[in-house]
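The values are calculated or read from the model by the stated rules, or taken from the named source; none is laboratory data. What you are looking at is a predicted structure, and each value in this text was computed from that prediction instead of being measured. Neighbour counts are summed over all protein chains in view; Cβ atoms, including those assigned to glycine, are modelled from backbone coordinates with ideal geometry.
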Amino acid sequence: MSFSELGLDPLILKSVRDAGYETATPVQVQAIPAALTGRDLLVSSHTGSGKTAAFILPSIQRMLAEPAVKGMGPRVLVLTPTRELALQVEKAAITYGKELRRFRTACLVGGAPYGLQLKRLSQPVDVVVATPGRLIDHLERGKIDFSRLEVLVLDEADRMLDMGFVDDIKAIAARCPKVRQTLLFSATLDGVVGNLARELTQDALRIEIAAVPVQESKIEQRLLFADNMDHKNRLLDALLRNVEMTQAIVFAATKRSTEEISDLLSESGFASDALHGDMQQGQRNRALQRLREGRTKVLVATDVAARGIDVAGISHVINFDLPRQAEDYVHRIGRTGRAGRTGIAVSFAGMREGGLVKNIERYTGNRIEVHTLPGLEPTQKPASGRPASAGRPRGNGAPRSGFGEKRSFGERSEPRSYGDRPPRGDSRDNRDRGYRADARPGGDRPARSDAPRGNRFEQAARGPSDVPRMTGDRPPRNEGYRGATAAVAPKTEVNGNSVEYWEKREREAKARAATPRGYGDRGNAARPGQPRGPANENRGGANRVGVRGRFKD
């Protein structure tokens, strides 16, 4: 369908034709007429589908009418996850709105100086494209006004939520007028994105162009298995020396890897640059500008470059490190084959990364063909899915493989079964609390001796008794105890059921009750037949001055 059939103003149509576009994409055909009605939209579409024009064109057409509220703040606010994408959206807005009078834009991103941004905001501005972090800074400083805001656009909403901007997005939306149009574009509209959409939109129209992104056949996908890091470097060098390569983007997993790979390529004679999140915005802009001008042949970048880079000369995308999320793979290889062009996407995979490859194939719905380079074939065999131990599957009955032969402690010649421990003599075991044949009745416990009780480690060891020891009795001391050779007081036979025994116990109890005891003097009162010593007298109740005095003794 032509853009002229979508209800756009002739001034905007002229800008679109000057940019070289004649036919609208499916997402533009459905989103532009719906957005022109002022209704909220929830749009799901894959990368490279033309969604930037789908929300920029109807938003710019609002600028033809006079604003309902006078002021200097923006009428359209676009939030993006990365700086590069923000710069690309602002460039598209300038391109499509060049025929409008006094049309001004501002780009608020991190890594750029505040001075130029504040200068842009000091004048009336129509469209502001920003990343959430830098926009929050301007809001806290009171440098931006949302009183005349009409349209709020969330571009790549799923990516912003993955980067942890959910709280910033909610804070920004709370500062916007309640009467507004909200356009949310995302690769998926389920899960957290769906919850956010329900909070920010009202009676939104849901448009799904492709529930699962399907890669176009114009991007040829290849998979190369690598033995190790040195093998990866040699594969990368061979690919970049191919005569078919004009410009390439090499994606690495970490910021440090981008710097190291870029330095290695520069030493090998390639015109390379690095791009990652720790670089200042000026450095990132210069790197992208050199890539657009053709002065840079190889750009080594992290996932910050996976969205927002549209350079016609990129013929190859090389995944030096596979992405952990299959969706990032789609955005990475989407940097080539833009606008109907052809491209080649090559991914390096380790021998144990078959699971990541399967996830990517399951997400895209396409199988990635395995290729090899002459003279650089892998020497190892890749493991399919989860790697098995020792390179072969193990059943339930097979022996466990490991580092060396598994041996039991103590070099036992025979395998010991569970619980095959030697007995512990006559000592009491916590696992043996049941019936014992040699236990005497519970009430037949011998009475304690009347001898004074001293330190229990200095008492004499108990000798063998003719009467079998009951279950709860203390085991005899072994030879390792201190005081094992001390003299043992003979134990007298006492009948615990006799009248004399209980009369004696009653007299002892009355004697203890008659003896005065002070607070905290538990256990220090004199026992029958044992006089109170000097230490016990100092702790009596009459001489105590309080609890603190107890610790001063």
In region 240-255, what residues are surrounded by 12 or more Cβ atoms within 10 Å (Cβ to Cβ) and closer than 22 Å to residue 350 by Cα? 240, 248, 249, 250, 251, 252, 253, 255
Within region 173-188, the residues that are of a type in the set (Val, Ile, Thr) and touching a helix residue (DSSP H, G or I) at 6+ places or on another chain (Cβ under 6 Å) are 182, 188
Based on this model, can you work out whether residue 173 counts as part of a helix (DSSP H, G or I), surrounded by 15 or more Cβ atoms within 10 Å (Cβ to Cβ) and modelled with pLDDT of 90 or more? yes
Cβ-Cβ below 8 Å, separation at least six or inter-chain, first residue in region 353-378 and of a type in the set (Phe, Trp, Tyr), second in a loop (DSSP other than H, G, I, E, B): which pairs? 363/212; 363/213
Which of the residues that make up region 145-168 are of a type in the set (Asp, Glu) and either closer than 13 Å to residue 183 by Cα or crowded, with 18+ Cβ neighbours inside 10 Å (or both)? 150, 155, 156, 158, 168
Out of 35, 24, 54, report the one residue that is among the small types (Gly, Ala, Ser), buried (at least 19 other Cβ atoms within 10 Å of the Cβ) and over 23 Å from residue 161 (Cβ atoms). 24
Taking region 338-368 as the region of interest, how many residues are in contact with a strand residue (DSSP E or B) (Cβ under 8 Å, 6 or more places away or on another chain) and either in the same structural domain as residue 50 (by TED's automatic domain parsing) or assigned to a loop (DSSP other than H, G, I, E, B) (or both)? 5
Give me the residue from region 176-209 that is in a helix (DSSP H, G or I) and within 15 Å of residue 39 (Cα to Cα) and, out of that set, nearest to the chain's Cα centre (by Cα). 197
Please report, ordered by residue number, the helices (runs of 4 or more DSSP H) entirely within region 218-295 with at least 1 residues that are at pLDDT below 90 and either touching a Leu at 6+ places or on another chain (Cβ under 7 Å) or more than 14 Å from residue 317 (Cα to Cα) (or both). 255-267, 281-293
Residues satisfying the stated conditions in region 80-135, i.e. of a type in the set (Ser, Thr, Tyr) and within 20 Å of residue 14 (Cα to Cα): 95, 96, 105
Restricting attention to region 79-117, which residues are closer than 23 Å to residue 279 by Cα and in contact with a strand residue (DSSP E or B) (Cβ under 8 Å, 6 or more places away or on another chain)? 79, 80, 86, 87, 89, 90, 106, 107, 108, 109, 117
The lone exception for residue 237 - which of (1) farther than 27 Å from residue 86 by Cα; (2) buried (at least 17 other Cβ atoms within 10 Å of the Cβ); (3) of a type outside the set (A, V, I, L, M, F, W, C) it fails: (2)
Of all residues being outside any helix (DSSP H, G or I) and buried (at least 16 other Cβ atoms within 10 Å of the Cβ) in region 131-144, which is nearest to the chain's Cα centre (by Cα)? Just the residue, please. 131
Residues located in region 332-344, provided they are surrounded by fewer than 23 Cβ atoms within 10 Å (Cβ to Cβ) and either modelled with pLDDT of 85 or more or not polar (S, T, N, Q) (or both): 337, 338, 339, 340, 341, 343, 344
